[in-house]
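The structure appears below as structure tokens.
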Amino acid sequence: TVDTTRNLAEGMIVDIYTSSGSVTAAGRTINSVDHAAGKIVISGNAISSPAGCSVYIQHSKNVELTGLSAIFSENDLYGVERKGKTWMKPYIKNSAGELTEDMIQTAIDEIEQVSGSRVNFILCSWDVRRKLVSLLSAHLHIDTLNLEGGFKAISFNGIPVVVDRFCPAGTMYLLNTEDFCLHQLCDWQWLEGDNGRIFVQNTNKPTYTATLVKYAELMCYRPAGQGMIAGIGA
């Protein structure tokens, strides 16, 4: 049983860690996902104490790019201490309750007033978009925007609202995409051995391995220019 099956799918290979951070099961395949019951079935032997464990894509723990949740946490960001730095404190409204247009506009106005940043992108979960569509339908007409790549999004005051499957339920992010940048040492490239070769034969086996790498981090220049409304309910 898992807290949510939102980010899980059949065929994923995952590692499972205990609450203390140690691996209790590695390289397991998700055989089935029961979204209604909130359960998954994994390959291999049963885990003796699954309560409190966390599921990660195989080999991904602590090596992924820094995501949005890190910006809205109280922890240090990108190795920089937040204490005493108002520009590192984003707008956060927790336990929002019923979603209203005034709630969203207030968040946008406060972000712009405090940081000088202008919100140009709204990201939300599926349930929040449904609530927003219901809210805006009272105007008899819901504005839409055509995004690059042929995608269409609903609009709130001229700002595109886009759903992301990885966005936590009941959550809306209000972002300025111009404040984000991908810093990288290089683009994707194959590591070469001392002999200049990319493929390395596995010992005593007719198989080869190669390593594809990219050293990068997604960074936000102005955390105070971003906002989050969480705990959006009925």
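The values are calculated or read from the model by the stated rules, or taken from the named source; none is laboratory data. Here the structure is a predicted model, which means the values were calculated and not measured. All Cβ positions, glycine included, derive from the backbone under ideal geometry; neighbour counts span all protein chains shown. For the accessible areas, the whole protein counts, side chains as well, though only heavy atoms, and no ligand, DNA or RNA atoms are used. Shrake-Rupley method; radii C 1.70, N 1.55, O 1.52, S 1.80 Å.
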| remark: FRET efficiency (Trp87, Lys214; Cβ distance; R0 45 Å; to 0.05) is 0.95
| note | Residue-ordered couplings for the stretch 20-27, obtained by feeding phi - 60° into the Karplus form 6.51 cos²θ - 1.76 cosθ + 1.60 and rounding to whole Hz (Gly and Pro as x), are 7, x, 9, 6, 10, 7, 10, x
| said: Give me a comma-separated list of calculated 3J(HN,Hα) values for the stretch 6-14, in order, Karplus coefficients 6.51, -1.76, 1.60 applied at θ = phi - 60°, integers in Hz, x for any Gly or Pro. | reply: 3, 9, 10, 8, 4, x, 5, 9, 10
| said: Return the equivalent ellipsoid semi-axes of the chain as a descending list in whole Å, where each equals the square root of 5 times an eigenvalue of the C-alpha gyration tensor. | reply: 37, 25, 19
| query | In deg cm²/dmol, rounded to 500, what helix-only [θ] at 222 nm does the chain give when every DSSP H run of at least 4 residues adds -39500 (n - 2.57) and the total is split over its residues? | reply | -4000 deg cm²/dmol
| said: Output the 0 to 90 degree angle, nearest 10, between the alpha-carbon long axis of helix 101-115 and the longest principal axis computed from the alpha carbons of the chain. | reply: 80
| said: Ordering Tyr56, Tyr17 by accessible area with a probe of 1.4 Å, largest first, what comes out? | reply: Tyr56, Tyr17
| note | Rg from C-alpha atoms of the stretch 7-119, normalised by the globular rule of thumb 2.2 N^0.38 Å, equals 1.47
| field | Total lysine pairs under 24 Å (Cα atoms) in the chain, excluding pairs fewer than 8 apart on one chain | value | 6
| message | Assuming 0.36 nm per residue, please report the length gained on full extension of the stretch Asn31 to Glu101 beyond their Cα-Cα distance. | response | 21.0 nm
| query | Ser69 to Gln201: FRET efficiency via 1/(1 + (r/R0)^6), r the Cβ-Cβ distance, R0 45 Å, to the nearest 0.05? | reply | 0.65
| query | Which residues' amide hydrogens lie under 5 Å from the amide hydrogen of Phe156, considering only partners 5 or more residues apart or on another chain, with H built in the peptide plane? | reply | Val161
| remark: Karplus ³J(HN,Hα) for the stretch 42-58 (6.51 cos²θ - 1.76 cosθ + 1.60, θ = phi - 60°; Hz, whole; x = Gly/Pro) runs 10, 6, x, 6, 5, 7, 5, 10, x, 4, x, 7, 10, 10, 10, 4, 3
| field | Accessible surface, 1.4 Å probe, highest first, among residues Ser137, Ser20 | value | Ser20, Ser137
